[in-house]
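**Q** Take this structure first; my questions come after.
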Amino acid sequence: MKGFAMLFPNPIARLRKAHYALEDLPDAVTFPKHPARESDDPLPLEDTTVDDIAFAIVAADQESIAASNRASALKRLYKMAREAGAIGIDPAVKSALKGSAS
C-alpha cells in the first residue's frame, strides 16, 4: 500500500482511486444556509468532520431536488410549447402561453 500512497499523495485522490464509488467526491463541501448565519465558505473535504459530511449531504440533496424541479419545469414548458404547435425556432414561453390560452 506504500506504493499506492506514493502514487497518490493526496488522501482524497487515494480514496477516489481506491473506491470507485468515491470517484465523484468533491474537493470541498458546502452546507445549507442557516438563517442565523452568514453563508459558510466551502470547507476542504480533507478538513471535514463526520457531522460536516452529514450537513453537506443535506445541501447536496437540496441542490439535487432543485435541479430536478428545474428539469421537470423545463420539460413541461417544452411539452406545452410543442403541444401548442411550436417548432424548434419558435419562442417556447410565447408558444406555451398561446397554447394555454386556448
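**Q** Would you grab the residues whose amide H sits under 5 Å from the one on Ala28? Only those 5+ places off in sequence or on another chain, please, with H modelled 1.01 Å from N.
**A** Correct list: Leu45.
**Q** Charges only on Cβ, +1 for Lys and Arg, -1 for Asp and Glu: so what's the dipole of the chain about the Cα centre, in debye to the nearest 20?
**A** 740 debye
**Q** Quick check: convex hull over the Cα atoms of the chain, volume per residue in Å³, rounded to an integer?
**A** So the per-residue hull volume is 179 Å³.
**Q** Going toward the positive end of the dipole of the stretch 33-102, with +1 on Lys and Arg Cβ and -1 on Asp and Glu Cβ, which of Val93, Ala73, Pro35 do you reach last?
**A** My answer, from the dipole projection, is Val93.
**Q** Lysine pairs in the chain with Cα distance under 16 Å, only those 8 or more apart or on different chains: how many are there?
**A** The number of close lysine pairs in the chain is 4.
**Q** Subtract the Cα-Cα distance of Val50 and Asn10 from 0.36 nm times their separation in residues, and report this length gain in nm to one decimal.
**A** Extra length available between Val50 and Asn10 comes to 12.5 nm.
**Q** I'd like the orientation of helix 50-83 relative to the chain: the angle between its Cα long axis and the longest Cα principal axis, in ° from 0 to 90, rounded to 10.
**A** Long axis of 50-83 versus the principal axis of the chain: about 20 degrees.
**Q** Also: Using alpha-carbon pairs under 8 Å, 6+ residues apart, how would you state the relative contact order of the chain in percent?
**A** Rounded, it is 16 percent for the chain.
**Q** Under a GNM of the chain (C-alpha, springs under 10 Å), which listed residue has the highest mean-square fluctuation: Ile53, Ile89, Ile65?
**A** Among Ile53, Ile89, Ile65, the largest mean-square fluctuation in the Gaussian network model of the chain belongs to Ile89.
Values in this text are rule-based calculations from the coordinates and carry no lab data. Model, not experiment: these values are computed from the prediction. When we count neighbours, we look across all protein chains shown, and the Cβ atoms used for this are built from the backbone with ideal geometry, even at glycine.
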